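The block underneath contains the structure these notes are about, expressed in structure tokens.
The values are calculated or read from the model by the stated rules, or taken from the named source; none is laboratory data. Treat the numbers as computed from the prediction; the structure is a model and nothing was measured. So basically every Cβ, Gly included, is an ideal-geometry build from the backbone, and we count neighbours across all protein chains shown.
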Amino acid sequence: MATDPKVPHAGAPAAPKPSNFLRGIIERDLASGAYAGRHFGGSPGDAAHHAAGPLDAAKIRTRFPPEPNGYLHVGHAKSICLNFGLARDYGGICHLRFDDTNPEKEEQEYVDAIIEAVRWLGFDWEADVNGVATSHLYCASHYFDFMYRAAEALAAAGLAYVDEQTPEEMRANRGDFNTPGKASPFRSRTPAENLARLRQMRDGELADGAAVLRARIDLASPNINLRDPTLYRIKRATHHNTGDTWCIYPMYTYAHPIEDALERITHSFCTLEFEDQRPFYDWLLEHLADLGLLARPLPKQHEFGRLNLSYIVTSKRRLRQLVEQGHVTGWDDPRMPTLFGMRRRGYTPESIRAMADGSGASKTNIWLDYSVLDGCLRADLEDKAARAMAVLDPLKLELTNWAEIYGSNGHLEPCQAPAHPQHPELGQRRFMLAREVWIERDDFTEVAPKGFFRLFPPRTQPDGSVVAGNKVRLKYGLVVECTGCEKDGQGRVTRVLARIVPDTRSGTPGADAVKVKGTITWVGAADALPATLKLYDRLYGEAQPEAGGRDHLAALNPNSLVVTQGWLEPSLAGAPREARYQFERHGYFVADRQLHAPGTPVFNRITTLRDSWAA
């Protein structure tokens, strides 16, 4: 029985959110009319000239700009929720834009995966513009023509030059924090010479790496990003969007501000690592506006602290290493912090959004313990996940007086339980109690420690007297008393023996006649469903896998996945993929979105019922 309701549309009006500095910036700009009457600055033939649509002075426009060179991870969720969420809260628009300026590392596979992940989180980029449904999905490659014209304009104005030093020479001459940069011997070329050489780069007359186009800014700037940064490089590589049209490609730091301006972004929110790039962002847009290529007011960049989660790594290089070296089964392995992996693990979009929203927005990087995410998941699923019983580590329990109570060993006693204890409208789930049932192996012990209230056999006291075996209630069933066990040749317990205590059936007047301290879950052997159960835990065994510069692989948790063959109650026979349940006592589980099928159920443990990692 699937119990997950349809994910609420994240574009719907939301409850008021706590104030933060980004909201303060937006509200200040809206109050002052900072972006009122703003117009597109490119020529009518440029992409986004019409698609961006008119901008209402009372609205904002944000963007989420991933590079399609990998799968999105939980760290990206913060930026997705922030940019789409702020646009939603202030009645604006958020663009999904692919910064596809590096053809060697980008693939259509990643584009498709990013689109699916953002939609799964509950966001979209569709908007109604003058009664017309409009998609605000863009790519940097849509603007390559404009970017190149802008590069020519900068070269013609003496603001950019073609540098033919080797990469090693450029690196050495750029200087460091204590040493100003040295001028390239090509820096003094005339605008005409630079324009001619740039066109040779574009036309494929120079080899890869033979030259780059650099901005002419300030070689003595304390901000190294302003020491004549590279704008274009020669790279003969087939682009997934433009094919072999271009053999030169813009640098990300050059393309990004232009994209913001062409799409009329009002607030360009990015993480703190781009703070040192903001002066170049402003320099470039101001000069392109002065040259008549862009219209004012121009977008402004604002930085916020990124979200970091303990017990994971989010470096794309590290994640790729995990996949390629076989430490995980793929990008969607349920242990991976990718959104695809988290979805397959069973995390809900609501829980991820709650974590991201709850972390707020600050001017410092944020570290959250992994338990915060699991707490958001439990809070989300507690009310909406149906209940079921499952046995993860099976041990057979035989009720030896079954025929005495019910007349034959083949009798099946029907039992029922609520699908959800707080939602009677969801009805009852039904299953059969039989002479043999499956219980958890750790629900039985031959020698009971203090405080153990589950099954243990009779024991002989030092004075020779015999104390009866312990009594427990089979949940939703009846009370049984342990009488012993059977073992194999290696001494391993293979079967627990118990007697039914008569007239103790749940829901009958005699249910409370016998007081017990223990209640155990079970699955009847007669109608149990065999299932593969994947018990996932944290991929790394330490909160900071790369602390002190160590190899993250050394911190991998060897117990991050335990696969067991267990048994499920029959109410799960029709469970569809991605349906989530609370397996009583064990935690929250999801039907695997790839492997699960009727007749061959595969369930992943999302998280336990409470955080026990610290203990």
task: Residue by residue through the range 256-282, note down the ones that are part of a loop (DSSP other than H, G, I, E, B) and aliphatic (A, V, I, L, M).
output: 265
- prompt: From the list 97, 189, which one is buried (at least 18 other Cβ atoms within 10 Å of the Cβ), within 30 Å of residue 353 (Cβ to Cβ) and basic (Lys, Arg)?
  reply: 97
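So that you can scan it fast, the table gives a plain yes or no per residue for (1) without any contact (Cβ under 8 Å) to a residue 12 or more places away in the chain; (2) surrounded by 16 or more Cβ atoms within 10 Å (Cβ to Cβ); (3) outside the structural domain of residue 177 (by TED's automatic domain parsing):
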| position | (1), (2), (3) |
| --- | --- |
| 196 | yes, no, no |
| 205 | yes, no, no |
| 220 | no, no, no |
| 230 | no, yes, no |
| 261 | no, yes, yes |
| 264 | no, yes, yes |
field: Complete set of residues in the range 453-511 that are farther than 22 Å from residue 415 by Cα, among the polar types (S, T, N, Q) and surrounded by fewer than 19 Cβ atoms within 10 Å (Cβ to Cβ)
entry: 460, 461, 465, 483, 490, 494
- line: residue 282 vs (1) farther than 30 Å from residue 372 by Cα; (2) surrounded by 23 or more Cβ atoms within 10 Å (Cβ to Cβ): all pass except (2)
field: Number of the exception - residue 486 against (1) within 30 Å of residue 428 (Cα to Cα); (2) at pLDDT 95 or above
entry: (1)
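Please verify whether residue 295 is in a loop (DSSP other than H, G, I, E, B), aliphatic (A, V, I, L, M), in the same structural domain as residue 262 (by TED's automatic domain parsing) and in contact with a His (Cβ under 6 Å, 6 or more places away or on another chain), treating the condition exactly as stated.
Values: in a loop (DSSP other than H, G, I, E, B): yes; aliphatic (A, V, I, L, M): yes; in the same structural domain as residue 262 (by TED's automatic domain parsing): yes; in contact with a His (Cβ under 6 Å, 6 or more places away or on another chain): yes.
Yes: the conditions hold for residue 295.
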- prompt: Taking residue 155, is it in the same structural domain as residue 68 (by TED's automatic domain parsing), in contact (Cβ under 8 Å) with a residue 12 or more places away in the chain and surrounded by 15 or more Cβ atoms within 10 Å (Cβ to Cβ)?
  reply: no
field: Subset of the range 176-212 (residues that are assigned to a loop (DSSP other than H, G, I, E, B) and more than 43 Å from the chain's Cα centre (by Cα))
entry: 182, 183, 184, 185, 186, 187, 188, 189, 190, 205
query: From 586, 596, which residue is over 24 Å from residue 520 (Cβ atoms), surrounded by 15 or more Cβ atoms within 10 Å (Cβ to Cβ), more than 20 Å from the chain's Cα centre (by Cα) and not hydroxyl-bearing (Ser, Thr, Tyr)?
result: 596
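I'd like the residue in the range 599-608 that is surrounded by 15 or more Cβ atoms within 10 Å (Cβ to Cβ) and either at pLDDT below 95 or not aromatic (Phe, Trp, Tyr) (or both) and, out of all such residues, is farthest from residue 576 (Cα to Cα).
So the first thing to find is which residues in the range 599-608 are surrounded by 15 or more Cβ atoms within 10 Å (Cβ to Cβ), and the list is 601-608.
Cutting the leftovers down to either at pLDDT below 95 or not aromatic (Phe, Trp, Tyr) (or both) gives us 601-602, 604-608.
Working: 601: 9, 602: 11, 604: 13, 605: 16, 606: 16, 607: 19, 608: 21 Å.
Ranking the qualifying residues of the range 599-608, first place goes to 608.
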- prompt: Does the range 137-146 contain at least one residue that is assigned by TED's automatic domain parsing to the domain that holds residue 348, under 30 Å from residue 348 (Cβ atoms), surrounded by 13 or more Cβ atoms within 10 Å (Cβ to Cβ) and free of Cβ contacts under 8 Å to residues at least 60 places away in the same chain?
  reply: yes
- request: From (1) without any contact (Cβ under 8 Å) to a residue 60 or more places away in the chain; (2) within 30 Å of residue 147 (Cα to Cα); (3) among the aliphatic types (A, V, I, L, M), pick out the condition that doesn't hold for residue 293.
  value: (1)
message: Only one of 71, 35 is modelled with pLDDT under 90 and buried (at least 22 other Cβ atoms within 10 Å of the Cβ). Can you tell me which?
response: 35
task: Sort out which residues of the range 340-395 are within 18 Å of residue 73 (Cβ to Cβ), charged (D, E, K, R) and crowded, with 17+ Cβ neighbours inside 10 Å, and write them in order of number.
output: 343, 344, 345, 353, 357, 374
message: For the range 425-452: of the residues being of a type in the set (Val, Ile, Thr) and under 30 Å from residue 571 (Cα atoms), which is surrounded by the fewest Cβ atoms within 10 Å (Cβ to Cβ)?
response: 445
